[in-house]
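Derivation of every value follows stated rules applied to the coordinates shown; laboratory data play no part. Bear in mind the structure is a predicted one, so any value in this text is a computation, not a measurement. With ideal geometry, Cβ positions are generated from the backbone for all residues, glycine too; neighbour counts draw on all protein chains shown.
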Amino acid sequence: MSKSSWKTGITKVKPNEVRLRGYRIDELMGSVSFGQSVYLALKGELPSKNVGNIIDAILVSSIDHGVTPPSTIASMTVASSGAPLNAAVASGILAISKFHGGAIEDCMGALLQVQDKINAREISVAKASEELVAEYIEIRRRISGFGHRLHTEDPRSKKLFKLATDLKIADKFIKIATTVESELAKQMGRKLPINVDGAIAAVLCELDFSPRLANAFFMMSRVPGLVAHIFEEQTRQKPMRQINPEDHEYDGPEDRSL
């Protein structure tokens, strides 16, 4: 091997064969879910169907949240300028940061801090959560993943936790998250419900993902929604318009159920 050669353990490609982490992709197709494939790509091993199902649920949970989020506004604005799809999608992804989508990583950090306290001193979840919340309040730092500008109870969080329980994935971190939620209400005097970012953070902790991969799940989830808004902007609106996110009216399908 030359001095400039390097190695990768992800994908092997040769004529008539493509393998992801050792598995032929054409054999994975139709046999495993997208969630299982995402886990395989990131972790290197195929997970159980239950794990694949919860990852699928994570990816659906944040697929879109209307026209007001920064990523959507950014994508629509760039699309309105006449830019191609890739540029408009990229602008939306670049808008995902600390206060929009980035909360997942920060919340995972907080939940892991609680677990570290429990492990280091063999204290209860309640005691460790009480200490964490007090510490954050003292330094006037917000615990990401709790509270929402619109929802008083985020329905996506509730469903994600139920699925995690039903799929036997819920363990210590979902308990930590709900305990922190209760402790925040106690110490701050107002309810700050676990939002979808916080719920995703807890589930990713249960699955032992690195916090450095946290925001990737929000990005993977949100791309289809961004594409939909970009295409609608390109096909329904006039170019170079001034977009007021509050001045819109929904005219899609009526409410329907599965």
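With a Cα cut-off of under 20 Å and a minimum spacing of 8 residues unless on different chains, the lysine pairs in the stretch 127-219 number 16. Each of 229, 65, 248, 151 has some number of other Cβ atoms within 10 Å of its Cβ, and from fewest to most they run 248, 151, 65, 229. For the chain, the relative contact order works out to 25 percent when only alpha carbon pairs closer than 8 Å and six or more residues apart are counted.
Taking a point 7 Å from the Cα of residue 168 along the Cα-to-Cβ direction, the residues of the stretch 23-50 with backbone N closer than 20 Å to it are 33, 36, 46-50.
Among 39, 136, what is the fewest-to-most ranking by other Cβ atoms within 10 Å? Don't skip to the end; give the middle numbers.
On the way: 39 22, 136 17.
The fewest-first ordering by Cβ neighbours comes to 136, 39.
Helices assigned as whole DSSP H runs in the chain whose Cα atoms extend at least 24 Å along their own long axis and whose mean Kyte-Doolittle hydropathy is -0.5 or higher are found at 103-121, 214-236.
Computed about the Cα centre, the dipole magnitude for the stretch 127-252 is approximately 100 debye when only Lys and Arg (+1) and Asp and Glu (-1) carry charge, each at its Cβ. Subtracting the Cα-Cα distance of residue 188 and residue 242 from their residue separation scaled by 0.36 nm leaves 15.5 nm.
If packing is taken as the average number of other Cβ atoms within 10 Å across a peptide's residues, how do 162-174, 200-212 rank, most packed first? Let's see the in-between values first.
On the way: 162-174: 16.8, 200-212: 20.7.
Taking the mean over residues of other Cβ atoms within 10 Å, the ranking is 200-212, 162-174.
Cβ crowding within 10 Å ranks 135, 181 as 135, 181, fewest other Cβ atoms first. Please identify, among 18, 60, 114, the residue showing maximal mean-square fluctuation in a Gaussian network model of the chain using a 10 angstrom Cα cutoff. Maximum fluctuation in the GNM of the chain, among the listed residues, is at 18. Result for the chain in a Gaussian network model with C-alpha springs under 10 Å: among 78, 32, 125, the largest mean-square fluctuation is at 32. Taking amide hydrogens as placed 1.01 Å from N in the peptide plane, the amide H of residue 146 sits under 5 Å from those of 195, each at least 5 positions away in sequence or on another chain. Residues whose amide H lies under 5 Å from that of residue 18, counting only those 5 or more places away or on a different chain, are 25, 26; hydrogens are built 1.01 Å from N in the peptide plane.
Hey, what D do you get for the stretch 103-213 in µm²/s if you plug the Kirkwood alpha-carbon radius into Stokes-Einstein at 10 °C and 1.306 mPa s? In µm²/s, the coefficient rounds to 115.
Its DSSP H runs of at least 4 residues, each contributing -39,500 (n - 2.57), put the calculated 222 nm mean residue ellipticity of the chain at -17500 deg cm²/dmol, to the nearest 500.
Length gained on full extension, residue 43 to residue 24, computed as 0.36 nm times the residue gap minus the Cα-Cα distance: 5.2 nm. Estimated from the Cβ-Cβ distance and a Förster radius of 45 angstrom, the FRET efficiency linking residue 115 and residue 150 is about 0.90.
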